[in-house]
Amino acid sequence: MTSELIAPENVITEFCALWADADVSAIIECFTEDAVYHNIPMELVFGKEAIKAFIEGFIGAFGGIDFQIKRQVASGDVVMNERVDVFTINSAEVALPVMGVFEVRDGKISAWRDYFDMAPITAAAGQG
């Protein structure tokens, strides 16, 4: 994902596919140095290194995640997708409906916001 010629929607489609292999290095290379990542129910994460640490923790806890894109639209450098993220918590498969908003600059993600309900995660973790 190094070419600036890749359309923003293709950048995001490829990015989402990377999560299944749980390769943090490949995933983090999709971000600009000054990127912002916000899982809306959680704290905002600033910068590529902080995003890497967050993703390492997430993948360490859950392994690979199957981002199943249901619908995706793009307008200029903004890409929005409706998807279901499927992963495992405590031997239970969780299918988490997510709405993602991405901003792409020069072929890399400069901002990523995901909107979802924490209830399926807390229930699977035995907290709900």
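Quick note: the coordinates plus some simple rules give every number you see, no bench work behind them. These numbers were taken from a predicted model, which means no experiment stands behind them. Methodologically, a virtual Cβ is constructed for each residue, glycine included, from the backbone with ideal geometry; neighbour enumeration extends over all protein chains shown.
The calculated P(r) of region 3-122, using every Cα pair and 5 Å bins from 0, goes 2, 12, 21, 27, 23, 10, 3, 1, 0 in percent.
Placing unit charges on the Cβ atoms of the charged side chains and taking the dipole of region 8-124 about its Cα centre, the candidate lying farthest along the positive direction among ALA35, ALA119, PHE87 is ALA119.
Once you keep just the Cα pairs under 8 angstrom separated by 6 or more residues, what percentage relative contact order results for the chain? 27 percent.
Counting neighbouring Cβ atoms within 10 Å and putting the fewest first, the residues LEU18, LEU44 line up as LEU44, LEU18. Sorted ascending by nearby beta carbons within 10 Å, beginning with the fewest, ASP34, ASP85 become ASP34, ASP85. Footprinting exposure proxy ranking of ARG71, ARG105, ARG83, fewest other C-beta atoms within 10 angstrom first, gives ARG71, ARG105, ARG83. Straight-line cross-link partners of LYS52 among the aspartates and glutamates, defined as a Cα under 18 Å from its Cα and at least 8 positions apart when in the same chain: GLU14, ASP21, ASP23, GLU29, GLU33, ASP34, GLU43, GLU103, ASP114.
In this structure, ASP117 and GLU33 have a Cβ-Cβ separation that, at R0 = 30 Å, corresponds to a calculated FRET efficiency of about 0.45.
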